[in-house]
Amino acid sequence: MRAFVAIPLPRSFSDWLRTYRTTFASTVPKLRLVPVASCHITLRFLGELPNEQIDDAVERLSLSLSAMPGTSVVLDRFGVFRRDGHPTVLWTGPGVVSQALAGLAAKIDLSLTGLGSNGRTERFSPHVTLGRFAAGTRDDEVAAIEAASAEPCVVPVTDIVLYESVMGQGHPVYIARASVRLAPFAE
């Protein structure tokens, strides 16, 4: 299965995002928005994870994360990923990555070493993919979105989920295969 580990988003994210979606669509008509139900904060992309490694992945996550305290992520900025200089993905993420979130991602990386087919080593950049730009979208078309400020959306991090990504017509469908509960928030 094609798999990744992520932070699920609370219901309040949908309301928060609703205030921006109309602006995005009118600013860049060639933006294909991701369904809210598909939004999450990816912590580690695993690529192809053979079925016989699923139980091992869940056990490793459970052992490494069960004592790790929950935290929160504040989504407060918009950004654009580019490929070959052209805008490809609209995202939201934290303006500042907390030590707790960076530590959580590092612990997940370490615990899942050797599983899946993902050999990429890019730097951790927590974000929620909001949409994909059509080919030919220009920088001047996305500049207003990049410059826009975002009201903070606080995402409590209490569970980490192993998702399966099922490719189909349009957007992929994400199925939660396992969830690991973090320890209560540290006081």
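The table below lists the values:
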| read-out | value |
| --- | --- |
| Loop-resident sites, the range 107-181, for GluC sites (Glu not before Pro), counting at most 11 other Cβ within 10 Å (DSSP) | Glu122 |
| R0 of 22 Å, Cβ-Cβ distance Asp15-Asp159: FRET efficiency to nearest 0.05 | 0.60 |
| Computed helical MRE - 222 nm, the chain, DSSP H runs ≥ 4 contributing -39500 (n - 2.57), nearest 500 | -9000 deg cm²/dmol |
| Label-point separation, Ser117 to Val97 (7 Å along Cα→Cβ), nm | 2.6 nm |
| Chain lengthening between Arg32 and Asp55 when straightened (0.36 nm per residue, less Cα-Cα) | 4.8 nm |
| Solution diffusion estimate, µm²/s, Stokes-Einstein, the range 114-187, Kirkwood Rh from C-alpha pairs, 10 °C, viscosity 1.306 mPa s | 94 µm²/s |
| Simple spin-label estimate for His171 and Ala148 in nanometres, 7 Å along Cα-Cβ | 1.6 nm |
| Rh by Kirkwood over Cα pairs, then Stokes-Einstein D for the chain at 1.567 mPa s and 4 °C, µm²/s | 75 µm²/s |
| Cα→Cβ-extended label distance, 7 Å offset, between Glu141 and Ser72, nm | 3.7 nm |
| Order of Asp15, Asp84 - criterion: other Cβ atoms within 10 Å of each residue's Cβ, fewest first | Asp84, Asp15 |
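FYI, it's all coordinate maths here, none of it is from the lab. Keep in mind the model is a prediction, meaning the values are calculated, not measured. As a convention, Cβ positions derive from the backbone with ideal geometry for all residues, glycine included, and neighbour counts pool all protein chains shown.
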